[in-house]
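These notes concern the structure reproduced below.
The values are calculated or read from the model by the stated rules, or taken from the named source; none is laboratory data. Since the structure is predicted, the reported quantities are computational estimates derived from the model, not experimental observations. Cβ placement follows ideal geometry from the backbone for every residue including glycine, while neighbour counts extend to all protein chains displayed.
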Amino acid sequence: MKKIVTLLAVVAITYLAWSISSSSPENNRLTISGPFEFHGMDMSKNGYIFSRLGITQSLTQLESNGEIAPLLAQSWRRNEQGTRWEFLIREGVKFHDGQPLTAEDVSASLQRALKKPGVFAKVPVAQIEANGQQLVIELTSPYFPLLNTLAHFSLGILSADSFDPEGRIVKLNATGPYQLDNLVVPHKLSAKRFESFWGKSAKIAQLDYVAGHRSESRVLELQSGQSDIAYSIDAISKQNLQSAKNVKVQSVNLPRTIMLKLNNQHPLLSETKVRQAISLAVDRTGIAQSILYAPGSEAYQLFSQAQKAWHIEQPTEQRDVAQAKALLEELGWEKNAQGWLERQGREFALNLTTYADRPELPLIATALQSQLAEIGIRLHVSIDNSSVIPAGHHDNSLQMALVARNFGLTGTPLPLLYQDFSDEKGSDWGHMNWYSPQVQQDLTELISTAAGENQRELSQRVARVLATELPVIPIAYSSQHVAFNQSLQGLHLDPFEIDYRLSELQFHD
């Protein structure tokens with residue numbers, strides 16, 4: 001009898017050991033799919049992917065409610081004028097190669113960011129000094145959203161020896177709970193748990209990120225077990241997955257606006273009444289209900305109600321095709337025999353470019369093509385790589401683009417807007433070839449004054465000008481839909497799209 005019991009015990013232990021070793025690799029590797037490709041280690045261009053996956057960290061971080069919290073900076077203080085900021089860099093933090101984080105490393109990363117395009121390049125920095133664990137940033141003039149700006153993904157801190165003498169990143173030696181293991185541009189990234197992380201250790205040992213444009217394909221991979229999380233799935237897939245047995249879906253509203261980016265110097269788009277007519281012709285309600293499956297997400301102004309200081313109270317607007325036609329007639333546009341608008345022998349025809357990284361954009365572009373045809377505007381829709389948008393902005397070849405832009409990457413849209421309007425040409429993902437001295441003056445005052453009643457008045461005035469002049473035309477407010485393996489626990493959706501908090505996830509069979 002004892003032999004039988006002993007034999008059963010040995011079998012049980014052997015089976016348990018086998019089952020643990022068999023399931024361990026599966027439960028210790030997380031496979032994530034998303035729509036966005038990456039093209040290297042340049043933080044100003046690709047920092048978002050490293051930040052979201054928990055590889056890089058910044059001095060400050062945004063909580064879900066938009067409040068600023070310490071991250072690599074343990075504490076800070078500033079002088080009364082707002083021109084001198086002192087940061088105490090967190091003790092006990094190690095880079096992925098084991099060397100300790102110092103203020104010198106932080107200084108090296110920030111100095112490099114000053115020379116790159118991005119939100120930090122517009123901060124009026126006089127000098128950055130490092131001494132042990134203390135970092136001092138001296139400004140030539142006050143810049144009150146500095147703490148928000150420092151949370152931006154492009155300001156992830158790397159060790160000083162991550163850069164070559166020309167400032168190029170030669171290794172991504174960061175501080176996050178995951179460290180880069182392999183980078184295959186532009187589609188795949190692998191990372192592993194950093195065992196000496198200063199905070200709570202990641203629960204899952206390894207992760208893979210795989211980029212794929214087609215939402216439907218990524219959802220099928222999730223359902224078949226080839227991946228564990230699919231970010232940015234389309235609204236139709238979300239609806240179809242509601243009854244799926246092995247998959248769950250979570251959604252979060254984002255401070256991201258789907259909008260038409262316009263070349264305001266283009267002869268067909270340079271007149272305000274033309275832009276107003278285009279806006280009036282858009283059926284936002286139809287798009288919100290039939291494409292986004294999100295009634296109430298219509299956007300008649302750039303900023304949603306979640307961004308209270310920038311959202312102006314105005315009567316709910318409606319589509320008005322008759323008024324749109326009347327505005328165009330005032331400007332001398334008449335329909336030709338084919339039904340397209342024409343003026344002085346020139347047809348009103350434009351190229352509309354968009355990209356499939358956001359699965360809803362091609363569908364909305366097709367809807368806009370049909371809606372603007374009703375007032376005689378011919379759109380040629382092109383679905384391309386997202387990189388053609390900034391390229392077309394810089395060489396001035398872009399006419400119209402349908403884009404989605406997150407105005408909450410720093411909690412407040414102020415640093416992004418200030419960056420946009422510091423250049424009369426605009427920015428890659430903002431307006432193009434439109435300038436308002438009043439808006440520039442108001443933004444400069446907002447940047448350099450402390451919070452108060454005057455700030456709301458100024459931000460409201462900026463929002464009203466943008467809603468009237470329409471250098472970009474808002475279409476809808478966006479949501480993030482994420483499908484995931486139901487055995488995953490701890491999924492957190494970041495409305496600012498800075499940190500996916502993957503280190504908190506674990507599998508539960």
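From (1) within 28 Å of residue 435 (Cα to Cα); (2) part of a helix (DSSP H, G or I), pick out the condition that doesn't hold for residue 314.
(2)
Among (1) outside any helix (DSSP H, G or I); (2) farther than 28 Å from residue 392 by Cα; (3) not polar (S, T, N, Q), there is one condition residue 445 misses while meeting the rest; what is its number?
It fails just one condition, (1).
If I filter segment 68-76 for residues that are modelled with pLDDT under 95 and either surrounded by fewer than 20 Cβ atoms within 10 Å (Cβ to Cβ) or more than 18 Å from residue 187 (Cα to Cα) (or both), do I get at least one hit?
No, because not a single residue in segment 68-76 is modelled with pLDDT under 95 and either surrounded by fewer than 20 Cβ atoms within 10 Å (Cβ to Cβ) or more than 18 Å from residue 187 (Cα to Cα) (or both).
Tell me the residue from 422, 382, 427 that is in contact (Cβ under 8 Å) with a residue 12 or more places away in the chain, touching a strand residue (DSSP E or B) at 6+ places or on another chain (Cβ under 6 Å) and among the small types (Gly, Ala, Ser), please.
After applying the criteria, what remains is 382.
Taking the criterion of being outside the structural domain of residue 430 (by TED's automatic domain parsing), closer than 24 Å to residue 206 by Cβ, of a type in the set (Asp, Glu) and free of Cβ contacts under 8 Å to residues at least 60 places away in the same chain, would at least one residue in segment 159-182 satisfy it?
Yes; the residues of segment 159-182 include at least one that is outside the structural domain of residue 430 (by TED's automatic domain parsing), closer than 24 Å to residue 206 by Cβ, of a type in the set (Asp, Glu) and free of Cβ contacts under 8 Å to residues at least 60 places away in the same chain.
Just one of (1) polar (S, T, N, Q); (2) over 15 Å from residue 56 (Cβ atoms); (3) assigned to a helix (DSSP H, G or I) trips up residue 127, so point out which.
Of (1) polar (S, T, N, Q); (2) over 15 Å from residue 56 (Cβ atoms); (3) assigned to a helix (DSSP H, G or I), only one is false for residue 127: (3).
In this structure, is residue 371 under 25 Å from residue 481 (Cβ atoms) and under 33 Å from the mean Cα position of the chain (by Cα)?
Details: under 25 Å from residue 481 (Cβ atoms): yes; under 33 Å from the mean Cα position of the chain (by Cα): yes.
Spelling it out, residue 371 is indeed under 25 Å from residue 481 (Cβ atoms) and under 33 Å from the mean Cα position of the chain (by Cα).
If you check residue 88 against the conditions, is it among the hydrophobic types (A, V, I, L, M, F, W, C) and either in contact with a helix residue (DSSP H, G or I) (Cβ under 7 Å, 6 or more places away or on another chain) or part of a loop (DSSP other than H, G, I, E, B) (or both)?
It is false that residue 88 is among the hydrophobic types (A, V, I, L, M, F, W, C) and either in contact with a helix residue (DSSP H, G or I) (Cβ under 7 Å, 6 or more places away or on another chain) or part of a loop (DSSP other than H, G, I, E, B) (or both).
So, in segment 148-171, of the ones that are touching a helix residue (DSSP H, G or I) at 6+ places or on another chain (Cβ under 6 Å) and in a loop (DSSP other than H, G, I, E, B), which residue ends up farthest from residue 505 (Cα to Cα)?
167
Exactly one of (1) more than 20 Å from residue 476 (Cβ to Cβ); (2) without any contact (Cβ under 8 Å) to a residue 60 or more places away in the chain; (3) surrounded by 14 or more Cβ atoms within 10 Å (Cβ to Cβ) is unmet by residue 398. Its number?
Here residue 398 meets the rest and fails (2).
Among (1) surrounded by 24 or more Cβ atoms within 10 Å (Cβ to Cβ); (2) of a type in the set (Ser, Thr, Tyr); (3) part of a helix (DSSP H, G or I), which single condition is residue 56 missing?
(3)
Let me confirm something: among 233, 312, which residue is assigned by TED's automatic domain parsing to the domain that holds residue 446, more than 30 Å from residue 341 (Cα to Cα), touching a residue at least 40 places away in the same chain (Cβ under 8 Å) and of a type in the set (Val, Ile, Thr)?
Selected residue: 312, the only one of 233, 312 that is assigned by TED's automatic domain parsing to the domain that holds residue 446, more than 30 Å from residue 341 (Cα to Cα), touching a residue at least 40 places away in the same chain (Cβ under 8 Å) and of a type in the set (Val, Ile, Thr).
Of the residues that make up segment 379-402, is at least one touching a Pro at 6+ places or on another chain (Cβ under 6 Å), of a type outside the set (D, E, K, R) and modelled with pLDDT of 95 or more? Let's see the steps before the verdict.
First, the residues of segment 379-402 that are touching a Pro at 6+ places or on another chain (Cβ under 6 Å): 383.
If we keep only those that are of a type outside the set (D, E, K, R) too, we end up with 383.
Applying the additional criterion that residues be modelled with pLDDT of 95 or more yields 383.
Looking for residues that are touching a Pro at 6+ places or on another chain (Cβ under 6 Å), of a type outside the set (D, E, K, R) and modelled with pLDDT of 95 or more, one finds at least one in segment 379-402, hence yes.
Looking at (1) more than 19 Å from residue 123 (Cβ to Cβ); (2) of a type in the set (A, V, I, L, M); (3) not in a strand (DSSP E or B), which is the one condition that is false for residue 409?
Only one criterion in (1) more than 19 Å from residue 123 (Cβ to Cβ); (2) of a type in the set (A, V, I, L, M); (3) not in a strand (DSSP E or B) is unmet by residue 409, namely (1).
Only one of (1) in contact with a His (Cβ under 8 Å, 6 or more places away or on another chain); (2) surrounded by 14 or more Cβ atoms within 10 Å (Cβ to Cβ) fails for residue 307. Which number is that?
It fails just one condition, (1).
Could you check residue 170 against (1) at pLDDT below 95; (2) surrounded by fewer than 20 Cβ atoms within 10 Å (Cβ to Cβ); (3) of a type in the set (Val, Ile, Thr) and say which number it fails?
Among (1) at pLDDT below 95; (2) surrounded by fewer than 20 Cβ atoms within 10 Å (Cβ to Cβ); (3) of a type in the set (Val, Ile, Thr), the lone unmet condition for residue 170 is (1).
Which pairs turn up if I take residues in segment 263-274 that are in the same structural domain as residue 432 (by TED's automatic domain parsing) and look for partners that are in a helix (DSSP H, G or I) and surrounded by 21 or more Cβ atoms within 10 Å (Cβ to Cβ) with beta carbon separation below 6 Å, at least 6 apart in sequence or on another chain?
273/327
Please find, among 339, 392, the residue that is among the small types (Gly, Ala, Ser) and within 26 Å of residue 321 (Cβ to Cβ).
Of 339, 392, the one residue that is among the small types (Gly, Ala, Ser) and within 26 Å of residue 321 (Cβ to Cβ) is 339.
Out of the residues in segment 217-272 that are of a type in the set (Lys, Arg) and within 30 Å of residue 378 (Cα to Cα), state the one that is modelled with the lowest pLDDT.
Here the answer is 256.
Give the residues of segment 82-119 that are of a type in the set (Gly, Ala, Ser), out of contact with any Pro (no Cβ under 7 Å at 6 or more places or on another chain) and over 16 Å from residue 162 (Cβ atoms), sorted by residue number.
As a first pass, look at segment 82-119 and keep what is of a type in the set (Gly, Ala, Ser): 82, 92, 98, 103, 107-109, 113, 118.
From what is left, the residues that are out of contact with any Pro (no Cβ under 7 Å at 6 or more places or on another chain) are 92, 98, 103, 107-109, 113, 118.
92, 118, listed by residue number.
Residues in segment 403-438 that are aliphatic (A, V, I, L, M) and farther than 14 Å from residue 463 by Cβ: how many?
Of the residues in segment 403-438, 4 are aliphatic (A, V, I, L, M) and farther than 14 Å from residue 463 by Cβ.
Residues that are assigned by TED's automatic domain parsing to the domain that holds residue 352, aliphatic (A, V, I, L, M), over 21 Å from residue 316 (Cβ atoms) and in contact with a helix residue (DSSP H, G or I) (Cβ under 9 Å, 6 or more places away or on another chain): does segment 485-495 have at least one?
Within segment 485-495, not a single residue is assigned by TED's automatic domain parsing to the domain that holds residue 352, aliphatic (A, V, I, L, M), over 21 Å from residue 316 (Cβ atoms) and in contact with a helix residue (DSSP H, G or I) (Cβ under 9 Å, 6 or more places away or on another chain).
Please determine, by comparing only the residues of segment 83-135 that are at pLDDT below 95 and at positive phi, which one is surrounded by the most Cβ atoms within 10 Å (Cβ to Cβ).
118
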